[in-house]
Every structure is written in structure tokens, then in C-alpha cells.
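**Student:** Input: one structure, supplied below.
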Amino acid sequence: MMGGEPIRQLFFLQIFLLIALWLIFGLSVRETEAIILWLLVGFKFEMSLLNVENLATYFDTRQGTVRAVDGVSLSLEKGETLGIVGESGSGKSVTCYSLLRLIPEPPGRIVSGTAIFDGADLLQMKKRDLNQIRARKISMIFQDPMTSLNPYIRIGDQLIEPLLIHKICNKAQARERALEMMNAVGISDPIKRYSLYPHEFSGGMRQRIMIAMALITKPELLIADEPTTALDVTVQAQILELIRKMQKELGMAVILITHDLGVISGFCDRVSVMYSGTVVEAGTADDIFYRAQHAYTRGLKKSIPSTQEKGSKLYTIPGSPPQPIGPKPVCAFAPRSDLNFTEEEARMKAQFLEVQPGHWVEVHPASVENYKEYLK
Amino acid sequence: MSLQDSFLEIREVRSWFPMRKSLFSNKETQYVKAVDGVSLSLVKGEVLGLVGESGCGKTTLSRAIMQLIRPTSGKIILEGKDLTLLPEKELRVMRPNFQMIFQDPFASLNPRLTVFDTLSEAIRVRHKLRGDELKAAVGQLMIKVGLSAIQMNKYPHEFSGGQRQRIAIARALAPEPKLIIADEPVSALDVSIQSQVLNLLKELIQSMGLTMIFISHDLSVVKYMADRIAVMYLGKIVELGEAIEVMANPVHAYTQALISAIPTLDPKSERSRKRIVLQGDPPSPIDPPKGCSFASRSWISHSPKDAKLDGVFMEVKPGHFVEVHPATVENHRRYLPDSKFETQ
């Protein structure tokens, strides 16, 4: 949705130009072919690295169908950093797990949507093709470094696994590369540590191993699911700094999932705020941090303790996140909103609108104060 | 502060754990020096924030205060009674006076007990209530922590993380304690839920006149809660002072690094800001290096000889104590004009 329209327009413009060239200058077939090829390459270059449209993932439970992700659209350019922010249960992790089809099916199922990565749809792809992408072009770092490493396997063997599975190099070369990578993520004495077990590492070091493992294949996209939540504040800064450094070196794109807006300010180019399975606000970091429109984004920002005066009562968003079971409400945030709106207004349908170029907000009387400017 | 009006007095507490060597080895036993000589004192109604990285010994210290582990040496004096000298039986009588809130509300509540079971057990420590009276007391307690009394017969898994932490708080309050140790009570919660729980704790401290030790690795949270802040590094207190003073004028390099790690909500300044990122991990507490334990991670230049010497824990301003050492304090001569250190 976002950024899709201009590209399509550009494409038609190019076709039009081509026909014009052919008619006016009478180019030969071979020349026209060359131009078409050039245009196609150009077109592909323009295309975003990842384009997710209208993704929906539901879980069938005894209590009913849980709409964990319900119509999420994202796009990501090469080398760009996207932050996805939301409370637990807002569907931010499920969105990213769906992209790599890591959702257990059943009870989960991907109901609709497309996720175009490098010209192919991740959601429709055969498992065998997807395995070629997993850990090679798209890597993932999980939240809890304590549970995502196998305690029975030596660190070194876990590190080189993606290289061996994808047959990128032989074992000796893989070891070389693993040692290089351990050095790069700041693990001292890698030769000795290569043959240790995960329990001999501290939490910060384990997370660094996870990063080394994710980046060893030099992926084009890194998905980091709360990479710093389980870590100390000082180590958090180290890990974020490290991800940023590696991103610059490899030129990869990063999706960073977090519940803490403070973590991503200054780290992300663009931010999507998720609530109850949908994106409620999306824009550049500056849009979200300086010009946030949605009441939920504003509430999230206000509730961070470091931003508040000592002695005053901390701001909290009233209530708790809704259970996305049952019929879809017109505005999921309405019960928790602190804005004034009438019952009639509450029944209005929320619309996801571009309020400023590149800044999208779900506009509803309960979520945006001056909604009348945007809703006709 | 005289001894009389200190409510809790911790004196030179050490908690060392012996490392098991092989059976026939005749080497000296090594110790994990989790807490290595901590002295603190709290007045009634005070909230002390204890800050430090994981592995610095803050949880061990809190367990030692709670007498969940007996410290290796040192005194813990609560209202004039030395807890370390009390036998188990007498300690049991004292225990309702000091309670603890644990970090992980998913692990610290018994999944097989309803909220009523959990709370009534704690209430009956103090009051021998039964039947409707007990029910009423549980209900009151639940309302106090912002839950509704109807939820009394539910099990922990039916609650969200924030609600579970409220139950854990209610359980800690049930025996009507005077001292509460809160060990990272909000770090397992979402940011938006954190502030709800912090508000609740603050309200309870004020309304019930509780004394609290609030442990966290996040200074931004501690700043909000605490009257005084103690910064711990590798088993020792390295900086101690009024919360406002420590946040505004941190003297120890480690405190400065902790404060610089607090993220802001301003992307522009955040992009240009130079964060102090500490190098490496803290040294192992198993026979830690002699001298200043922070020297290996410090960015302040100092001579290698000085690193082997101990710092001096001294009052740099009234009520503001810092471990002064060439590696921990820039321009240390300001505080120690004629010290033994060779770094100028």
C-alpha cells in the first residue's frame, strides 16, 4: 500500500516511453529488447526489499478465533531499519513469524495477504524454496538468548550450522568465518570460546552469539524480535550499537520489534505502531516521535518513566489491551482512549489515512483529536 | 544519622559461595564473592534504590537481608535486632515484618493455587481469620492493589502479567510488613504496564509508611521511585547518595555509563549523542582481580600499577559517597589530594 502506487505509475510511464521510442524513432527489435531489459532491471531496483500487504494470521482456540494479526501492511527498502512497536499481544511477533512461516499450523493459519521479498511471495512459496531463504537471505534473532540456543551443542557447531546447511562453504572455512564473526561481535578469545557450551556464556554474550549466528550468512534482512528485552540496560546499548555496526558493514535491512519506544528512537528510520493486530500509526521516526497523531502512540510515549518528573504520578494508558476474539470492533482502541467522543462518533468506521506524506494514521474519533480534518 | 533512628542497618555483609573443587584436590577453595562487604542503613519510610548489572550481587544481597541465605559474615540489624544471630525459630516470628516481591510474576506464583489460597495463606500468618472474615480480608487486599474481589477464585494463568505482579504485591503486603524488598518488580512487564505497577507501589509506600529496597538495573525507573540510590558493582557499593544528586551529578564512571544508557525519546539528539558504551563484561566474581574491579572496563586513563590498588570509599559531598580511584573518577586528585596513586 505504502509506496506501491508511485512505483506502479513509474512503470506505466516507462512502458509509455518505450512505445513512444519505438514508434517515433523506429528502433529495431533487438534495441527494443535491450531497453525493455534495462527498464525491468530499473524497475526491480526500485522495488522495495520486502513488501507485506494485508497480512492476517488467525489462531483457532477453544475460546474462538483469535485475530492475532489482522491486516498488516509493511514495506522495507534495502538497508533500511523499521521498528515495530506495541504491547505484548499486539501481534508484532506473530507478524514477523508469519513472514518466515514459523507459525505452528494448526492452531495458527495465515488467512490472507502477500509478502513479496525479492520478487517472490514468502507466503505462497514451497517449503523447499522458503528454506533457501531462511537464515540465508532473512535471518532472525529471538527474544530470549537463554532458550534459543541448544544447550547440548557447542557454540561453534551452532554458529556454523547455517553455513553448512546452505552449503556456502566447507567446515574448515566455516570455522574461519565463525571465528571472524565472533571477533566482530566483540567476543574476546574466540578460539577458546568456540568449543564451549551455551551455559558457560553470560546473557549478553549469548545474545551476541545469536547475532553472530544470524549474520554469518550475510543476510539481506535481519528480523530482531525484542533483542534487548532480557538484557541489562548497559548491555542493551552494546547490543544495539553492534546491530547498527553490522548493518552498516553488510548493508542489510533490519526489522526491530520492541515494546519500548525509548529503545528505537535514534535507531530506526521508520516506525510502525501496532495495536490489537493492526498497524495504527506508521511513519518516519521523526513523525512518530515529534508529530504522533494516534492517542495510543502518544500514550506509549507518555508512559515511559524516564520522561517523567520525579514525584509526579506516572501517566498510564487506562485499561488493558483487548482480546482480539469475536467480531472486529470499529476502533479497537476506543475503550482505552482518553479523548472525548460521543456514542455516535464511536460507531464511525476507522480509516487508515496518509495524514502527511509518508505518515499514516488510523483515524477515528477515539484515536485522533482533530479527526474532522481527515475524515469527511 | 545516629544508630538509633536507622530502621535497617546492614554492616559489612559478605556472601561468599565456595566452589566445589575435585574431591582430592588440595588446592585452596575458591569463592564466588557475590556480595563482598556492603554497608547500608535505611531510616523508616525510606525507599532505597539498588542499581547494578545482572551478576553484581544485588539479588544475593536482598536474599541475605531476607535471611533466605545466611550471609558469610556481617550484621543485618532490623529495628535493633540482629537477624543473622537469631535462630530459625525466632526468625520465623520476625519474618512477617520483612517481605519480598520477586521479578517474574509468571514464576513466583503457585499455578495450582487460586488467588484466594495464595493471599489467605499470607494473611493467616498474622491474623487467625476464618470463613467470611478471611474472605473479606482477601477482598480488601485485592482492592488495595487494584484488582477486583470477584477475581478471588481465579488461578494465576487467567491473569495478565501486570495483574499477576499485583497479586504478588498483595501477597507481600498481606502479613503487614514494615520492610519490603522489591527485586526488579517491573522488568518483566511491558513499558505501558510498568508505570501502572510503579504508581501502585508508590501509593502503597506512602499510605502504609513502608520502608523499601527497590532493586533494578534500569536507573530511569529507580530515579522515579527512590529517595536514595545505591549503585552496586561486583559485590560492592560504588556510589551512594540522594537520588536527585546521583542522577544530576554522578561521580563514579560506572554510574555515568548507566545514566548515559537511558534512552531518550528524541531521535535527533539520540542519533548524534555519544553514548558511553562499556567495553566487555564485568570480571568474574570468582576470586575477582585485586584492586579496583572496574579498572578493566574503564575509559578513564590510569596507570596499570594503580589498577592493582583499592579505591577509597569516601564522602565527596555531604551524603554522597563514592569509591574514588583513578579508574573510576575523572580527576581523582580533587577528592584525594595526596593519595597513594601514581596517576596524576
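**Student:** Report, largest value first, the span of the C-alpha coordinates of segment A:296-373 along each principal axis, in whole Å.
**Tutor:** Per principal axis, max minus min of the Cα coordinates gives 40, 34, 23 Å.
**Student:** Related question: Sort B:HIS252, B:HIS325, A:HIS259 so the one with the fewest other Cβ atoms within 10 Å of its own Cβ comes first.
**Tutor:** In order of increasing Cβ crowding within 10 Å: A:HIS259, B:HIS252, B:HIS325.
**Student:** Let me ask you something else. Antiparallel DSSP bridges in chain B: what percent, to the nearest 5?
**Tutor:** Bridges in chain B are about 65 percent antiparallel.
**Student:** How many partner chain Cβ atoms sit within 10 Å of a residue's Cβ in peptide A:287-294, on average, as a whole number?
**Tutor:** Mean number of neighbouring Cβ atoms from other chains: 2.
**Student:** Follow-up. Cβ neighbours within 10 Å, averaged per peptide: list B:236-243, B:41-48, A:342-349 in order, most packed at the top.
**Tutor:** Peptide ranking by packing, descending: B:236-243, B:41-48, A:342-349.
**Student:** So what are the ³J(HN,Hα) numbers for segment A:107-122, from phi and the Karplus equation (6.51, -1.76, 1.60; θ = phi - 60°), rounded to whole Hz, Gly and Pro as x?
**Tutor:** So the Karplus estimates, Gly and Pro as x, are x, x, 8, 8, 7, 7, x, 10, 9, 8, 10, 6, x, 10, 8, 4 Hz.
**Student:** Out of every Cα pair in chain A, what percent are spaced more than 27 Å from each other?
**Tutor:** 55 percent
**Student:** Please report, in whole Å³, the volume per residue of the convex hull around the C-alpha atoms of the protein assembly as shown.
**Tutor:** Expressed per residue, the convex hull around the Cα atoms of the protein assembly as shown is 217 Å³.
**Student:** Identify, among B:VAL125, B:SER301, B:ALA34, the residue whose Cα sits farthest towards the positive end of the charge dipole of chain B, taking +1 on the Cβ of Lys and Arg and -1 on the Cβ of Asp and Glu, with the dipole about the Cα centre.
**Tutor:** B:VAL125
**Student:** Here is a further query. Within segment A:143-283, what percent of beta bridges assigned by DSSP are antiparallel, to the nearest 5?
**Tutor:** Antiparallel bridges make up about 50 percent of those DSSP assigns within segment A:143-283.
**Student:** So, one more: Quick one: angle between helix B:131-144 and the longest Cα principal axis of chain B, in degrees between 0 and 90, rounded to 10, please.
**Tutor:** Value to nearest ten degrees: 40.
**Student:** For Cα pairs less than 8 Å apart in space and 6+ apart in sequence, what is the mean separation divided by the residue count of segment A:296-373, i.e. the relative contact order in percent?
**Tutor:** 23 percent
**Student:** Compute the long axis of helix B:161-173 from its Cα atoms, compare it with the longest principal axis of the Cα atoms of chain B, and write down the angle in degrees, 0 to 90, nearest 10.
**Tutor:** It works out to around 80 degrees.
**Student:** With 10 Å bins from zero, work out the P(r) of segment A:214-282 over every alpha carbon pair and list the percent per bin.
**Tutor:** It works out to 18, 51, 28, 3, in whole percents.
**Student:** Can you tell me the Rg and the Dmax, both Å, for the Cα atoms in chain B?
**Tutor:** So, for chain B, Rg and Dmax equal 21.9, 72 Å respectively.
**Student:** Equivalent ellipsoid semi-axes for segment B:202-287, as square roots of 5 times the alpha carbon gyration tensor eigenvalues: give them largest first, rounded to whole Å.
**Tutor:** The three semi-axes for segment B:202-287 are 25, 20, 11 Å.
**Student:** Next question. Check cross-link reach from A:LYS127 to the aspartates and glutamates: straight Cα distance under 18 Å, and skip same-chain residues fewer than eight apart.
**Tutor:** Once the sequence-local aspartates and glutamates are set aside, what remains near A:LYS127 is A:GLU105, A:ASP118.
**Student:** Mind listing which chymotrypsin sites (Phe, Trp or Tyr not before Pro) in segment B:62-138 are in a DSSP loop and have 16 or fewer other Cβ atoms within 10 Å?
**Tutor:** Hits after loop and neighbour filter: B:PHE106.
**Student:** Would you mind estimating how fast segment A:199-251 diffuses translationally, via Stokes-Einstein at 25 °C and 0.890 mPa s with the Kirkwood radius over Cα pairs, in µm²/s?
**Tutor:** Answer, rounded: 213 µm²/s.
**Student:** Another question, if that's okay. Which entries of B:LYS81/B:LYS290; A:LYS78/B:LYS223; A:LYS301/B:LYS144; A:LYS328/B:LYS144; A:LYS171/B:LYS290; A:LYS248/B:LYS58 have Cα-Cα distances beyond 30 Å here?
**Tutor:** Over 30 Å Cα-Cα: B:LYS81/B:LYS290; A:LYS78/B:LYS223; A:LYS328/B:LYS144; A:LYS171/B:LYS290; A:LYS248/B:LYS58.
**Student:** Can you tell which of B:LYS178, B:LYS305, B:LYS81 shows the greatest fluctuation in a Gaussian network model of chain B with Cα springs below 10 Å?
**Tutor:** B:LYS305
**Student:** Ranking request for peptides B:204-215, A:283-294: highest mean number of other beta-carbon atoms within 10 Å first, then the rest in descending order.
**Tutor:** Descending mean neighbour count gives A:283-294, B:204-215.
**Student:** What is the set of long-range amide H partners of A:LEU49 at a cut-off below 5 Å, with H atoms built 1.01 Å from backbone N?
**Tutor:** Those qualifying (amide H under 5 Å, at least 5 residues apart or on another chain) are A:LEU76, A:GLU77, A:LYS78.
**Student:** Still on this structure, please answer the following. With springs only between Cα atoms under 10 Å, which of B:ILE300, B:ILE76, B:ILE123 fluctuates most in a Gaussian network model of chain B?
**Tutor:** Among B:ILE300, B:ILE76, B:ILE123, the largest GNM mean-square fluctuation belongs to B:ILE300.
**Student:** Still on this structure: Given a cut-off of under 8 Å on Cα pairs at least six residues apart, what relative contact order in percent is computed for segment B:250-344?
**Tutor:** In percent, rounded to a whole number, it is 26.
**Student:** Sticking with this one: Taking every alpha carbon pair in segment A:50-273, what does the distance histogram look like in 10 angstrom bins from 0, in percent?
**Tutor:** Spelled out per bin, shortest first, that is 8, 33, 36, 20, 3, 0.
**Student:** Subtracting the Cα-Cα distance from 0.36 nm times the residue separation, let me have the gained length for B:ARG126 to B:HIS157 in nm, one decimal.
**Tutor:** 8.4 nm
**Student:** Straight-line reach from B:LYS154: which aspartates and glutamates have a Cα under 12 Å away, not including same-chain ones fewer than 8 places off?
**Tutor:** B:ASP117
**Student:** Output the relative contact order of chain A, whole-number percent, from Cα pairs under 8 angstrom with separation of 6+ residues.
**Tutor:** 17 percent
**Student:** Write down Rg/Rh for segment B:250-344, rounded to two decimals, with Rg from the C-alpha atoms and Rh from the Kirkwood relation over Cα pairs.
**Tutor:** 1.02
**Student:** If a helix is a whole DSSP H run, which ones in chain A reach 15 Å or further along their own axis (Cα) and hold a mean Kyte-Doolittle hydropathy of at least -1.0?
**Tutor:** Span-like helices, by this rule, are A:4-25, A:29-46, A:155-165, A:171-184, A:203-215, A:233-250.
**Student:** Okay, next question. From the C-alpha gyration tensor of segment B:79-186, pull out the three semi-axes of the equivalent ellipsoid (sqrt of 5λ each), sorted largest to smallest, in whole Å.
**Tutor:** 25, 17, 11
**Student:** Return the calculated 222 nm mean residue ellipticity for the protein assembly as shown, to the nearest 500 deg cm²/dmol, obtained by summing -39500 (n - 2.57) across DSSP H runs with n ≥ 4 and dividing by the residue count.
**Tutor:** Mean residue ellipticity at 222 nm (helix-derived): -9500 deg cm²/dmol.
**Student:** At a Förster radius of 35 Å, what calculated FRET efficiency corresponds to the Cβ-Cβ distance of A:LEU339 and A:LYS218, to the nearest 0.05?
**Tutor:** 0.15
**Student:** Looking at the protein assembly as shown only, what percent of DSSP beta bridges run antiparallel? Nearest 5 please.
**Tutor:** DSSP beta bridges in the protein assembly as shown are roughly 65 percent antiparallel.
Bear in mind that the values in this text are calculations on the coordinates, not laboratory data. Note that the structure is predicted; figures quoted are calculated from it, not measured. Using ideal geometry, Cβ is built from the backbone for each residue, glycine included, and neighbour counts are taken over all protein chains shown.
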